[in-house]
Amino acid sequence: MEPGDRFEIKLPDLTMQVGYHIINNDEVFHVVFSDGRPELVLHEALSGGLPFWTSIPEARHRLKEVAYFGARIAEHLKNN
Amino acid sequence: MCYYNGQKVSRAEFIKLLQLEKAVKNYDFLNRAVHNGFAYSPVAVLKRDATETNFDIVQMEWGFLPPYLKNREKAAQFRNGYKDEQGKWHIGYTTLNAKAENLFTNEKGNPSIYADAARKHRCLVLSTGFYEWRHVFPLNKKTGQPLKTSIKYPYYISVKDHEYFYMAGIWQEWTDKDTGETVETLAITTAAANPLMQQVHNSKKRMPTILNDELAYEWMFGDLSDERITEIALSQFPAKQMDACTIAKEFLATLEPSTPFEYEDLPALEYAI
């Protein structure tokens, strides 16, 4: 995948439009949602050496969404 | 340990995320196809905040400008030198680095332009590594004597097992009185080179003041005497905790400038890393 590439992930009740970018030498995913919820910028960071999905900037009220949509991106990348 | 989005992360990871946050804020996701991340990387500086117990991560202009310079034209003259109306040449001053020995008194014995900043505006420059050139003088094939012109080999120097490390800095707010533009300008302090850097930066035998966590904290938050400020700025980071590797000569134009590159004709460093 090249920076600037975009892909879609179709979920049962919504579609994620994802843009892949490299910023500061880090991979980030810009996600726009078909149901109109606010977009997210997701990044896989490390906690105690283990990866976890976080939003940039922090969005403490959307932690469940961040973890869920981050996992969907990881799944998509693994299977495509 | 720090927390980001509710997760416990290391300080290095936290700093990386804060930098990423700043970069993302200025990024146009919809109109950008390919992004050269390196070219947009901010120069991050940790600066004591108003509470004087915590810090902000800010961007500063590297190249200390004393406040008396009136505008950008005068600043350029200060940095590059200039010829006055009588045709007399005035030399420029390189203020990227401030010698630790001259923070308060310059080499002529006069008060230093850095003195006020050293007392009031100390900061930490975040670095993943820095570049220096090793000068090697090839031998004349006929006489066996070293040639007068050296070949320069670039090195990338980092701190072992540290994604980020701190360099001691001093900063000065500077205002262009013509435009009102205000910037924070910065000099990195330098100390005498340690045994590794004596070989790498063998032309000047200097190195940036690299601070361990304890000294970094003291540098930024301590209520320090001039003597202690000088002592910290002069401190020499241990060579055994540093790495140095050769990199390609055109490294500045590459996306990954710190990629190791071996030169067949370059003698190895005598200091065992």
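For this structure, a couple of remarks:
- Chain lengthening between A:E39 and A:E75 when straightened (0.36 nm per residue, less Cα-Cα): 11.0 nm
- Ordered by solvent-accessible area of protein heavy atoms (1.4 Å probe), largest first, the residues B:T189, B:T128 come out as B:T128, B:T189.
- Between B:K74 and B:T143, the modelled label-to-label distance comes to 4.9 nm, taking each label 7 Å out from Cα in the direction of the beta carbon.
- Convex hull per residue volume in Å³, alpha carbons only, for the protein assembly as shown: 207 Å³
- Note on B:Y93: accessible area approximately 120 square angstrom, rounded to 10, probe 1.4 Å, nucleic acids and ligands left out.
- The contact between chain B and chain A removes approximately 2300 Å² from the accessible area (both sides summed; 1.4 Å probe; ligands, DNA and RNA excluded).
- Whole-number D in µm²/s for chain A (Stokes-Einstein; Kirkwood sum over Cα pairs; 20 °C, 1.002 mPa s): 166 µm²/s
- Normalised by 2.2 N^0.38 Å, where N counts its residues, the alpha-carbon radius of gyration of chain B equals 1.11.
- Between A:L46 and B:E214, the FRET efficiency from the beta-carbon distance, with R0 = 35 Å, is close to 0.90.
- For residues of B:18-25, the mean tally of beta carbons on other chains within 10 Å: 6
- Pairs beyond 21 Å (Cα-Cα), from B:K120/B:K177; B:K99/B:K204; B:K152/B:K204; B:K120/B:K204; B:K25/B:K160; B:K25/B:K120: B:K120/B:K177; B:K120/B:K204; B:K25/B:K160; B:K25/B:K120
- For B:S150, the accessible area of its heavy atoms, probed at 1.4 Å with every protein chain present, is near 30 square angstrom.
- Averaged over the residues of peptide B:6-14, the number of Cβ atoms from other protein chains lying within 10 Å of each residue's Cβ is 4.
- A 1.4 Å probe, protein heavy atoms only, puts the accessible area of B:E163 near 100 Å².
- For region B:51-203, the Kirkwood hydrodynamic radius from C-alpha pairs, put into Stokes-Einstein at 4 °C and a viscosity of 1.567 mPa s, yields a diffusion coefficient of 71 µm² per second.
- Chain B, relative contact order in percent, only Cα pairs under 8 angstrom and at least six apart counted: 18 percent
- For chain B, the solvent-accessible area of protein heavy atoms averages 56 Å² per residue (probe radius 1.4 Å; ligands and nucleic acids excluded).
- Kirkwood Rh and Cα Rg combined as Rg/Rh, region B:169-254: 1.08
- The mean of 1/r over all pairs of different alpha-carbon atoms in region A:31-78, once inverted, gives a Kirkwood hydrodynamic radius of 11.2 Å.
The values are calculated or read from the model by the stated rules, or taken from the named source; none is laboratory data. Please read all numbers here as calculations on a predicted model, not as lab measurements. As a convention, Cβ positions derive from the backbone with ideal geometry for all residues, glycine included, and neighbour counts pool all protein chains shown. Side chains included, ligands, DNA and RNA excluded: accessible areas come from the protein's heavy atoms. Shrake-Rupley method; radii C 1.70, N 1.55, O 1.52, S 1.80 Å.
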